[in-house]
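One structure is given below, represented as structure tokens, and several questions about it will come after.
The values are calculated or read from the model by the stated rules, or taken from the named source; none is laboratory data. Computed from a predicted structure; not experimentally measured. Note that each Cβ is placed from the backbone with ideal geometry, even for glycine, and that neighbours are counted across all protein chains shown. Ligands, DNA and RNA are excluded from the accessible area calculation, which covers all protein heavy atoms including side chains. Shrake-Rupley method; radii C 1.70, N 1.55, O 1.52, S 1.80 Å.
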Amino acid sequence: EIYGGLNGFWDYGPMGAELKRNLRDTWWQTMTRDRDDVVGLDASIIMHPTVWTASGHVDTFSDPMSTCKHCKKLVRSDQWWAMMAEQNWTQSIAELIEPGTNRFQPAVLLKWGKGKGKQLAPNLALVRNPDVTISWVAEEIEKGRGPADATELYKFLATEQMAITGLVTPCPHCGGELTAPRPFNLMFRSHYGPVESEDNICYLRPETAQAIFVQFKNVLDSSRVKVPFGIAQIGKAFRNEITPRNYTFRSREFEQMELEFFIRPDDAVRLIHGQVEKWREGADLSATSPAWGWEMWHRYWVDQRTKYYDSVGLGTDVLDYHWQKPEELAHYARATVDILFKFPFGTEELEGIAARGDFDLSQHQKFSGKQLEVFDEELKAAVDKLSDEQKKEFIDKLFEDRKCADTTREESAAYADKLFKGFYLPHVIEPSAGLDRMALAVLAAAFDEETVTDEKGKAETRTVLRLHPRIAPVKCAIFPLLKNRPELVAKAREVEASLRRHMNIFYDEAGAIGRRYRRQDEIG
Ligand code: GAP
């Protein structure tokens, strides 16, 4: 801050550090220590660069970005309208058009372009060349080719020479011309070792998840776990976001808390149990079942995560859910649900829970050439009991099920052959949460203002953070009533000493007792 700060990077002070640590600890406790089917991992931030080629991040982890030809600022194209709606100049123009329409008086906009617009949007065509811009826009409207809606009106007002440039998209900051969107890779790049060359490029991880996939086999071979089981990790992730916004909601350095929960593919479940339990409304999610297919596991984790949020003070009244539509899904995902929080700036994603199939493990198997399949004794034993006819029926059904994914009969048979030998790549359910986002949500949910009357009868509005006790940075405050009574101070110190080893506490003997309480209320 003393150097002006850096957009998208945040520090937490003494209270924030405690609060964030408490949140991190509750997640770890709930997701690993309270369970016998999840183990932890702590991987390095910089990993072998091929990890990011295999995961698809090198080729596709990008956001569409435009640059303003005038002020040179960068704008994430898919956030263009949201940014436009926040600008003074767009709001000022909105006041000049008939509400709910794109109709306007040319003379009024001309006046705006020659006056107020100069300060608000100096590079807008309407401001740089008002007469020309307004006259062609009016002409187009007369010919019935005017802006289709209010959004398009801004594009018309940003266009000076339609025949040469086509319709221009204005820069939200200055009204200038934005370039066409181009993909901008969000990974921070660096080099390891003393020489900077193409051969030693490395990346700061954009998610913690990939480390779990590449260490999957090591964990499986060295821990007493078997599918279904999970690997959890908490750690820093970095994304060179084009427009970090809303405090810590979208930052460039942040912490993720991710679980990759590995399950049997539905085909293996069917071979072992003769059927696959699929999701149906009202199904019991309180105890897991070996016959569950991925749909049930996915729902189970949505339920588990909802319970977790409730345990830190974020109940269903402040949460919402967005089940992604097929066209919204990432190419590797079968289903994704976003858990949303009602932030003061809008209802936005807190956590994503994706069913990722075997996409990641199969990519890493392909790129590394290392065998990542697991051997499942139960599967092998079940298959050994099948007749040749039953195996053939299984392959037929497999082929029918997979036909729509353009899988040939030979590919289905090869996959079935692996299953018959007891081998498969596990599928994955991934609850992925952001720690900083959660801290922001917890603060927003806890924030309260109350009006109280002081000793002199004066009403004042005070800030109170109503934090859940598990999250509160200070658990207990110890105040001797009078600091000049040695026996009271000695007793208070004794209490302090007995508690300090167990929790974060605060000792305070200065000032009126009411004020000391008050300070604690304020920090939650
Ligand atoms: N491995 C899956 C994955 O990374 P994601 O939806 O990109 O999925 C998961 O990220 C979570 O990480 C988000 O729900 C959010 O809480 C957090 N997150 C992602 N980008 C963030 C950013 N720029 N700033 C703060 N938190 C972010």
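Once you've got the Cα coordinates, tell me which of 380/418; 278/421; 397/418; 366/397 are over 18 Å apart.
Values: 380/418 10 Å; 278/421 25 Å; 397/418 16 Å; 366/397 26 Å.
Beyond 18 Å: 278/421; 366/397.
Under a point spin-label approximation (7 Å from Cα along Cα-to-Cβ), what is the residue 497-residue 116 distance to one decimal in nm?
Rounded to a tenth, the inter-label distance reads 7.0 nm.
On to the next question. Please work out the C-alpha center-to-center distance from the stretch 105-125 to the stretch 63-100 and express it in whole Å.
15 Å
How do 237-247, 351-361, 197-207 rank on mean C-beta neighbours within 10 Å, highest first?
Details: 237-247: 18.5, 351-361: 21.8, 197-207: 15.8.
The densest-packed peptide leads the list: 351-361, 237-247, 197-207.
Taking only the C-alpha atoms, wrap a convex hull around the stretch 122-218 and report its volume per residue in Å³ as a whole number. Let's see the in-between values first.
Working: hull volume 19.5 nm³, N = 97.
Per-residue hull volume (Cα only) is 201 Å³.
Follow-up question, since we're still on this one. With a probe of 1.4 Å, find how much accessible area the stretch 97-147 has per residue, and write the answer as a whole number in Å². Intermediate values should be presented prior to the final figure.
Working: 2940 Å² over 51 residues.
Ligands and nucleic acids excluded, the result is 58 Å² per residue.
Pop a pseudo-label 7 angstrom from the Cα along the beta-carbon direction at both residue 400 and residue 461 and give the gap in nm to one decimal.
6.6 nm
Assuming a ≥ b ≥ c are the square roots of the Cα gyration tensor eigenvalues, decide whether the stretch 192-265 counts as rounded (a/c under 1.5), prolate (otherwise, with a/b larger than b/c) or oblate.
On the way: a/c = 3.22, a/b = 1.42, b/c = 2.27.
It is oblate, given that a/c is not under 1.5 and a/b is not larger than b/c.
Okay, moving on. For the stretch 1-84, what's the radius of gyration and Dmax over Cα atoms, in angstrom?
So, for the stretch 1-84, Rg and Dmax equal 19.7, 58 Å respectively.
In debye, nearest 20, what is the charge dipole magnitude of the stretch 298-348 about its Cα centre with +1 on Lys and Arg Cβ and -1 on Asp and Glu Cβ, if you could check? Can you show the working numbers first?
On the way: 6 positive and 8 negative charges, 39 e Å.
My answer is approximately 180 debye.
Further question: Toward the positive end of the charge dipole of the stretch 402-502, about the Cα centre and with charges on Cβ (Lys, Arg +1; Asp, Glu -1), which of 429, 446, 476 goes farthest?
Ranked along the dipole, the leading option is 476.
Another question about this same structure. Taking 8 Å as the Cα distance limit and 6 or more residues as the minimum spacing, I'd like the relative contact order of the chain as a percentage.
On the way: 825 pairs, mean separation 78.1, N = 524.
Contact order relative to length: 15 percent.
Explain nothing, just the number: dipole magnitude of the chain about its Cα centre with +1 on each Lys and Arg Cβ and -1 on each Asp and Glu Cβ, in debye rounded to the nearest 20.
Once rounded to the nearest 20, the dipole reads 1460 debye.
So what's the stretch 240-395 giving for Cα Rg divided by 2.2 N^0.38 Å, two decimals?
Details: Rg = 19.4 Å, N = 156, 2.2 N^0.38 = 15.0 Å.
Ratio of Rg to 2.2 N^0.38 Å for the stretch 240-395: 1.29.
Of the peptides 368-377, 138-147, how do they stack up when ordered by the mean number of other Cβ atoms within 10 Å, highest first? All intermediate terms of the calculation are to be shown ahead of the outcome.
Values: 368-377: 14.2, 138-147: 12.7.
Sorting 368-377, 138-147 by mean packing, highest first, produces 368-377, 138-147.
Going by the alpha-carbon gyration tensor, a ≥ b ≥ c the square roots of its eigenvalues, is the chain rounded (a/c under 1.5) or, if a/c is not under 1.5, prolate (a/b greater than b/c) versus oblate? The partial results should precede the final answer.
Working: a/c = 2.08, a/b = 1.11, b/c = 1.87.
Because a/c hits 1.5 or more and a/b fails to exceed b/c, the chain counts as oblate.
Next up: Could you tell me, in Å, what Rg and Dmax come out for the Cα atoms of the stretch 321-436?
Looking at the stretch 321-436, its Cα Rg and Dmax stand at 18.6, 62 Å.
Check cross-link reach from residue 69 to the aspartates and glutamates: straight Cα distance under 15 Å, and skip same-chain residues fewer than eight apart.
Within the straight-line cut-off, residue 69 pairs with 160, 177.
Roll a 1.4 angstrom probe over the protein heavy atoms and tell me the percent of accessible area of the stretch 337-409 that is carbon or sulfur. Present the calculation step by step, with values, prior to reporting the outcome.
Numbers: 1940 of 4000 Å².
Roughly 49 percent of what the probe reaches on the stretch 337-409 is carbon or sulfur.
To continue, here is another question. At q = 0.21 Å⁻¹, what log₁₀ I(q)/I(0) does the stretch 189-313 have when each alpha carbon counts as one equal point scatterer in the Debye sum?
Those come out to -1.25, one per q.
Go ahead and run the numbers for FRET between residue 15 and residue 78, Cβ-Cβ distance against an R0 of 22 Å, rounding to 0.05. List each step's numbers first, then the result.
Numbers: r = 35 Å, r/R0 = 1.59.
Calculated value: 0.05.
Could you name the aspartates and glutamates in cross-link range of residue 475, using Cα to Cα under 18 Å and dropping any fewer than eight places away on the same chain?
Cα-Cα hits under 18 Å: 18, 25, 494, 496, 508, 509, 521, 522.
Among all the aspartates and glutamates, which ones have a C-alpha under 14 Å from residue 458's C-alpha, if same-chain residues fewer than 8 places away are not counted?
450
Per residue and in Å³, how big is the convex hull formed by the alpha-carbon atoms of the stretch 43-96?
Values: hull volume 7.5 nm³, N = 54.
Value for the stretch 43-96: 139 Å³ per residue.
Hey, can you rank 148-158, 382-392 by average C-beta count inside 10 Å, highest first?
The peptides rank, most packed first, as 148-158, 382-392.
Hey, can you find the accessible area per residue of the stretch 374-524 for me, probe 1.4 Å, expressed in square angstrom?
Working: 9000 Å² over 151 residues.
With the other protein chains kept in place, the stretch 374-524 gives 60 Å² per residue.
Roughly how many Å² of residue 449 are accessible to a 1.4 Å probe, to the nearest 10?
110 Å²
Among 208, 345, 296, which residue has its Cα positioned farthest towards the positive end of the charge dipole of the chain, with +1 placed on the Cβ of Lys and Arg, -1 on the Cβ of Asp and Glu, and the dipole taken about the Cα centre?
345
Give me the orientation-averaged projected area of the Cα convex hull of the stretch 291-376, in nm², one decimal.
Numbers: hull surface 32.5 nm².
If you wrap the Cα atoms of the stretch 291-376 in a convex hull and average its projections, you get 8.1 nm².
Right, next: Where does the stretch 363-427 land on Rg(C-alpha)/(2.2 N^0.38 Å)?
Numbers: Rg = 12.8 Å, N = 65, 2.2 N^0.38 = 10.7 Å.
Scaled against compact globular proteins, the figure is 1.19.
Measuring from label point to label point, each 7 Å out along Cα→Cβ, what is the residue 152 to residue 505 span in nm?
About 6.9 nm separates the two model spin labels.
How would you classify the stretch 391-484 from its alpha-carbon gyration tensor, with a ≥ b ≥ c the square roots of the eigenvalues: rounded for a/c under 1.5, else prolate if a/b is greater than b/c, otherwise oblate?
Working: a/c = 7.57, a/b = 3.80, b/c = 1.99.
Prolate, because a/c is 1.5 or more and a/b exceeds b/c.
Right, another one. Leaving out ligands and nucleic acids, note down the accessible area per residue over the stretch 270-367 with a 1.4 angstrom probe, in whole Å². Mind showing how you got there, number by number?
On the way: 4640 Å² over 98 residues.
Accessible surface, normalised per residue, equals 47 Å².
Just going by the charge dipole of the chain, with Lys and Arg at +1 and Asp and Glu at -1 on Cβ, which of 371, 39, 382 is farthest out on the positive end?
39
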